[in-house]
Each structure stands twice: as structure tokens, then as C-alpha cells.
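Undergrad: I am attaching a structure below and will ask some questions about it afterwards.
Computed from the coordinates by the stated procedures, all read-outs in this text should not be read as laboratory data. Just so it is clear, the model here is predicted, and its values are computed rather than measured. Neighbour counts run over all protein chains shown; Cβ positions are idealised from the backbone, glycine included.
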Amino acid sequence: KAALEIKKNSVLSPAAMETLTIVAYNQPVTKGFVEHVRGVDSSGVVNSLVDKGLLAEAGRLDLPGRPIAYKTTDNFLRCFRLSSLDDLPPIPDKQEQITIDEITKENDTEE
């Protein structure tokens, strides 16, 4: 019965996509690192991504409390049609990024 079970494709939430991005570019990382970058509790999102097979435990770090580190899986690569993590797009340079202040300034001048 389990072998014939067909899993429905599920859409990932913006929080899940953000978490996957953080892990993919910085792995191996702890839940604490993800929470620090996102600024919100990310335990549920990380656990959900582990359940979906997109993240996996990568061992424990040699830090106080021995936190679990997470990494992306081969399933993550397959789902995003990547042959390796080297296929991830580069992170834009700080100079190429636009700030929220620039966006609001542009909107103010248009009105």
C-alpha cells in the first residue's frame, strides 16, 4: 500500500522557499542560523522541509548544545532541476541590489 501511495505535489510557501535559499547557499546550517537570518521562528518550516525530503540532518556541530546542522538533499536538486549546488544562481553583489528606500523614492516621484 505504501509503495503505491501517490504523493500530491505541494506548493512551497514563501517561508519554505526563503528557508531553502538560506540553507542552500550557507549549508550546513542550524535552525538558529536560519532563524537569525529570517528574523522569525523557523523550526516548523525546517521540520516540514525535512519531512518533504528537501532538507536532511548533516550531523551535529561542535558547539554548546551540539545543535543539528541541516543541508539540502538530492531530492532538493531534482525538484529544482539542478545537477549540483554549483548550478545555483550567484548571489547579486551589494552594488547590484536595490534597497526599499530606492523603491519608495521611485514611487514617490512617479506620483
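Undergrad: Quick check on packing: order 84-90, 16-22 by the mean number of other C-beta atoms within 10 Å, highest mean leading. Provide the component values of the computation, followed by the final result.
TA: Details: 84-90: 8.9, 16-22: 18.7.
Top to bottom by mean Cβ count within 10 Å: 16-22, 84-90.
Undergrad: Now, a different point. Taking amide H atoms as placed 1.01 Å from N in the peptide plane, list the residues 5 or more away in sequence, or in a different chain, whose amide H sits under 5 Å from that of T30.
TA: Y70
Undergrad: Whole number please: convex hull volume per residue, Cα atoms of the stretch 7-85, in Å³.
TA: 94
Undergrad: Size of the dipole of the stretch 7-85 about the Cα centre, Lys and Arg at +1 and Asp and Glu at -1 on the beta carbon, nothing else charged, in debye to 20?
TA: Dipole of the stretch 7-85, to the nearest 20 debye: 280 debye.
Undergrad: Let me ask something additional. Please sort 52-64, 69-81 by packing, taking for each peptide the average over its residues of neighbouring beta carbons within 10 angstrom, highest first.
TA: Numbers: 52-64: 14.2, 69-81: 16.0.
My ranking of the peptides, most packed first, is 69-81, 52-64.
Undergrad: Another question, then. Give me the extension gain from I91 to T21: residue separation times 0.36 nm, minus the current Cα-Cα distance, reported in nm with one decimal.
TA: 24.1 nm
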